[in-house]
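These notes are about the structure you will find just below.
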Amino acid sequence: MKISILAFIFTVCFALSAAAQLTSSPDIIPAENGDLTVYPINHGSVVFTFNGTTVFADPFGGAYLYEQFDAPDIILITHTHGDHFNPETLSGLNTNNTTFIVPETVANEMGDRYSNQMQVIANDESITVMDIPVRAVAMYNLPGDETVRHKKGDGNGYVIDFGSQSVYVSGDTEDTPEMRALEAIDIAFVCMNLPYTMDIERAASAVIDFQPGIVYPYHHRGQDIVAFKQLVDAANVGVEVRLKDWYSN
């Protein structure tokens with residue numbers, strides 16, 4: 001009984017300590033041709049800078065969150081839901097010279113304003129913009145049919161190659177076969193929030209399967225990301241879990 005109580009106390013203290021240390025500060029990750037800098041922004045929004053190129057993924061939450069950055073060269077949008085495709089945020093950004101990489105569902109809602117700036121790709125298709133290769137990965141709720149919140153084919157996760165660093169941005173998805181089959185991912189951003197995506201147990205199981213070098217739990221409002229880290233760490237597969245503050249904004 002004493003051992004169980006001590007274990008419980010240790011777990012609670014660890015969780016409180018980890019939560020208190022969450023930061024939204026950027027991470028600098030060495031890559032070929034320069035460092036990749038990763039900026040956690042808000043919920044499912046991430047900014048990357050690499051070799052003079054600025055990439056926004058699902059900008060959301062207001063244009064003021066992006067004031068510190070140069071105008072985006074590339075904007076990736078995963079799907080049409082308002083916390084990913086956010087016209088209000090987009091309208092406040094300088095996107096005059098931006099290339100948008102989007103699925104067809106998003107292109108249909110973006111209208112004429114951006115029509116000459118869009119590159120539309122479907123699941124499994126690839127494109128290279130400003131020497132940065134991007135591949136679309138299926139993102140969907142299981143089983144992917146008409147009954148789910150995110151249907152297969154409606155949206156894209158993305159694998160982006162920044163020099164030697166291969167980065168996976170999941171968008172809204174469950175632990176699909178396509179996610180579990182990913183290979184050679186250096187950095188992954190994996191969603192986990194019910195009822196829209198998946199719980200921490202399934203997210204951890206998928207990460208343990210495809211084994212990225214680093215994983216950031218994101219898009220996790222209301223979920224226990226410390227417990228997610230414990231699940232991944234316990235598997236001892238060499239995945240580094242980095243916890244960031246995605247919600248102070």
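Read the figures in this text as sums done on the coordinates, not as results from a lab. Please read these numbers as outputs of a predicted model, since none were measured by experiment. Quick reminder, even Gly has a Cβ in these numbers, built from the backbone with ideal geometry, and neighbours come from all protein chains shown.
Scanning the range 65-83 for residues that are β-branched (Val, Ile, Thr) and part of a strand (DSSP E or B) yields a count of 2. Identify all residues within the range 17-72 that are at positive phi and among the small types (Gly, Ala, Ser); write none if there are none. Answer for the range 17-72, where residues must be at positive phi and among the small types (Gly, Ala, Ser): GLY34, GLY52, GLY61, GLY62. Is it the case that the range 93-110 has a residue that's among the aromatic types (Phe, Trp, Tyr), touching a His at 6+ places or on another chain (Cβ under 9 Å) and either surrounded by 14 or more Cβ atoms within 10 Å (Cβ to Cβ) or on the phi > 0 side of the Ramachandran plot (or both)? No, the conditions are met nowhere in the range 93-110.
Of everything in the range 22-46 that is touching a Pro at 6+ places or on another chain (Cβ under 7 Å) and part of a strand (DSSP E or B), the residue that is surrounded by the fewest Cβ atoms within 10 Å (Cβ to Cβ) is THR37.
Screening the range 217-246 for residues that are outside any strand (DSSP E or B) and within 14 Å of the chain's Cα centre (by Cα) and picking the one that is nearest to VAL137 (Cα to Cα) gives HIS219.
The set of residues in the range 47-64 being crowded, with 20+ Cβ neighbours inside 10 Å, among the aliphatic types (A, V, I, L, M) and either out of contact with any Pro (no Cβ under 9 Å at 6 or more places or on another chain) or not in a strand (DSSP E or B) (or both) consists of ALA57 alone. Scanning the range 195-216 for residues that are hydrophobic (A, V, I, L, M, F, W, C) and within 16 Å of the chain's Cα centre (by Cα) yields MET198, ILE200, ALA203, ALA204, ALA206, VAL207, PHE210, ILE214, VAL215. In the set (1) more than 15 Å from the chain's Cα centre (by Cα); (2) under 28 Å from SER25 (Cβ atoms); (3) assigned to a strand (DSSP E or B), THR95 fails one condition alone, (3). Just for the range 39-86: of the residues that are within 20 Å of GLY153 (Cβ to Cβ) and β-branched (Val, Ile, Thr), which one is farthest from the chain's Cα centre (by Cα)? Filtering the range 39-86 for residues that are within 20 Å of GLY153 (Cβ to Cβ) and β-branched (Val, Ile, Thr), the one farthest from the chain's Cα centre (by Cα) comes out as THR80. Taken over the range 166-188, the criterion of being assigned to a strand (DSSP E or B), crowded, with 24+ Cβ neighbours inside 10 Å and not β-branched (Val, Ile, Thr) is satisfied by ALA188 alone. Please indicate, with yes or no, whether at least one residue in the range 123-140 is without any contact (Cβ under 8 Å) to a residue 24 or more places away in the chain and touching a Pro at 6+ places or on another chain (Cβ under 8 Å). Yes, there is a match, as at least one residue in the range 123-140 is without any contact (Cβ under 8 Å) to a residue 24 or more places away in the chain and touching a Pro at 6+ places or on another chain (Cβ under 8 Å). Residue check: GLU201 meets all listed conditions (1) in a strand (DSSP E or B); (2) more than 20 Å from ILE41 (Cα to Cα) but one, namely (1). Residues in the range 124-148 that are assigned to a loop (DSSP other than H, G, I, E, B), surrounded by fewer than 16 Cβ atoms within 10 Å (Cβ to Cβ) and within 18 Å of the chain's Cα centre (by Cα): 1 in all.
The single condition among (1) in a strand (DSSP E or B); (2) under 18 Å from HIS219 (Cα atoms) that ILE160 does not meet is (2).
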